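Q: One structure follows; several queries about it will come next.
The values are calculated or read from the model by the stated rules, or taken from the named source; none is laboratory data. Keep in mind the model is a prediction, meaning the values are calculated, not measured. FYI the Cβ positions are ideal-geometry reconstructions off the backbone, even for glycines, and counts take in every protein chain you see.
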Amino acid sequence: MLTGRKAGEARDLLEAAGLEVHHLPAIALCPPADPGALSRAVAEQSEHDDLVFTSAAAVTAFVEAAEALGVPTFGSARIVAVGMATARALEAAGAEVALVGEGGGAELAAAYPEGSLVGRRILLPRAEAGREEFPEAARAAGAEVTVVAAYCTLPRPEVGEAIGELIASGGVKAVCFASPSAVEAVAAGLSESSWESFTAVAIGETTASALRAIGVEPVVAGEPSGTGLAEAVLSLS
């Protein structure tokens, strides 16, 4: 069971291995409350030293805002990504990615060379209710971080109910989670006892922490990607 919105890579690998895969996205994306803020950020991006993306969804929103303005998608700011999936989305949009951090926001801040964040102006397009690890860590290291909402997420608790129905039919071995938002959405619609019927697989430590917060100990993918998720599921065999 895959709960991420984009599950093509993992799905292809799992189906090639002979597994039956159900794809039920647990969250939906929507425009931010103030779309104008993202447009202004796109227009003024070159006033920053770094442009940091923590998700492919933020890349998509940023690209669409640039297209709507009729301006180049990327300016002179250095491009930084969290995770290879985000880096690949940036490269597909024509960006040259200078730095890729793995793990969460704190790990990304730690990936900067010592002292290089002092005075650095960073623009961070992200989910409206995004996590604060990177802004807090970067500011603590001396950076000036401007956060702009690129999109918002809406939980789909009916996905938890659908998973419960599949569990009742004996058809779920593992459920893969690619974000804390997906964990929250599934938890809202899935009974507490149902979690004992399958193995939860997390794409990375941030998502794993969200699962542990509700009392579920997950298997964590070796790398935060669709391939990593697939390999983690296959290791359960």
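Q: So Val21 passes all but one of these: (1) under 20 Å from Phe177 (Cα atoms); (2) exposed (fewer than 15 other Cβ atoms within 10 Å of the Cβ). Which condition number does it fail?
A: Exception for Val21: condition (2).
Q: If the Cβ limit is 6 Å and pairs must be 6+ apart or interchain, which residue in segment 109-123 that is farther than 14 Å from Glu47 by Cβ pairs with which residue that is modelled with pLDDT of 90 or more and of a type in the set (A, V, I, L, M)?
A: Short answer, once both residue conditions are applied: Ala109/Ala137; Ala109/Ala138; Leu117/Ala138; Leu117/Ala141; Leu117/Ala143.
Q: Could I ask something else about it? Would you check if Gly75 is within 18 Å of Leu124 (Cβ to Cβ), in contact (Cβ under 8 Å) with a residue 24 or more places away in the chain, more than 15 Å from the chain's Cα centre (by Cα) and assigned to a loop (DSSP other than H, G, I, E, B)?
A: Considered against the rule, which asks whether it is within 18 Å of Leu124 (Cβ to Cβ), in contact (Cβ under 8 Å) with a residue 24 or more places away in the chain, more than 15 Å from the chain's Cα centre (by Cα) and assigned to a loop (DSSP other than H, G, I, E, B), Gly75 comes out as yes.
Q: Look through Ala168, Ala138, Ala200 and report the one residue that is at pLDDT below 90 and either farther than 16 Å from Gly83 by Cβ or aromatic (Phe, Trp, Tyr) (or both).
A: Ala168
Q: Same structure again: Looking only at segment 180-230, count every residue that is of a type in the set (Asp, Glu) and either touching a residue at least 24 places away in the same chain (Cβ under 8 Å) or in contact with a strand residue (DSSP E or B) (Cβ under 6 Å, 6 or more places away or on another chain) (or both) and tell me the total.
A: Here the count works out to 3.
Q: While we're on this one: Inside segment 37-55, can you point out the residues that are part of a helix (DSSP H, G or I), closer than 11 Å to Ala150 by Cα and of a type in the set (Gly, Ala, Ser)?
A: Passing the criteria: Ala37, Ser39, Ala41.
Q: Hey, can you tell me all the residues within segment 114-170 that are among the acidic types (Asp, Glu), outside any helix (DSSP H, G or I) and farther than 19 Å from Phe62 by Cβ?
A: Those that are among the acidic types (Asp, Glu), outside any helix (DSSP H, G or I) and farther than 19 Å from Phe62 by Cβ: Glu114, Glu132, Glu144.
Q: Turning to a different aspect of this structure: Give segment 133-179 a look and list any residue that's closer than 22 Å to Ala200 by Cβ and aromatic (Phe, Trp, Tyr), or say none.
A: Result: Phe177, single match.
Q: Right, another one. Can you say whether Thr86 is crowded, with 20+ Cβ neighbours inside 10 Å and either hydroxyl-bearing (Ser, Thr, Tyr) or in a loop (DSSP other than H, G, I, E, B) (or both), as far as the supplied structure shows?
A: Yes; evaluated as a whole, the condition is true for this residue.
Q: Filter segment 151-179 for residues that are surrounded by 20 or more Cβ atoms within 10 Å (Cβ to Cβ) and free of Cβ contacts under 8 Å to residues at least 60 places away in the same chain and give the result.
A: Within segment 151-179, Ile167 is the sole residue that qualifies.
Q: Go through segment 203-224 and give me each residue that's crowded, with 21+ Cβ neighbours inside 10 Å, closer than 19 Å to Ala87 by Cβ and of a type outside the set (Val, Ile, Thr).
A: The answer is Gly204, Ala221, Pro224.
This table checks each residue for (1) of a type in the set (Gly, Ala, Ser); (2) touching a strand residue (DSSP E or B) at 6+ places or on another chain (Cβ under 7 Å); (3) surrounded by 14 or more Cβ atoms within 10 Å (Cβ to Cβ); (4) free of Cβ contacts under 8 Å to residues at least 12 places away in the same chain.
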site	(1), (2), (3), (4)
Ala28	yes, yes, no, no
Pro32	no, yes, yes, no
Pro35	no, no, yes, no
Ser46	yes, no, no, no
Leu90	no, yes, yes, no
Glu102	no, no, yes, no
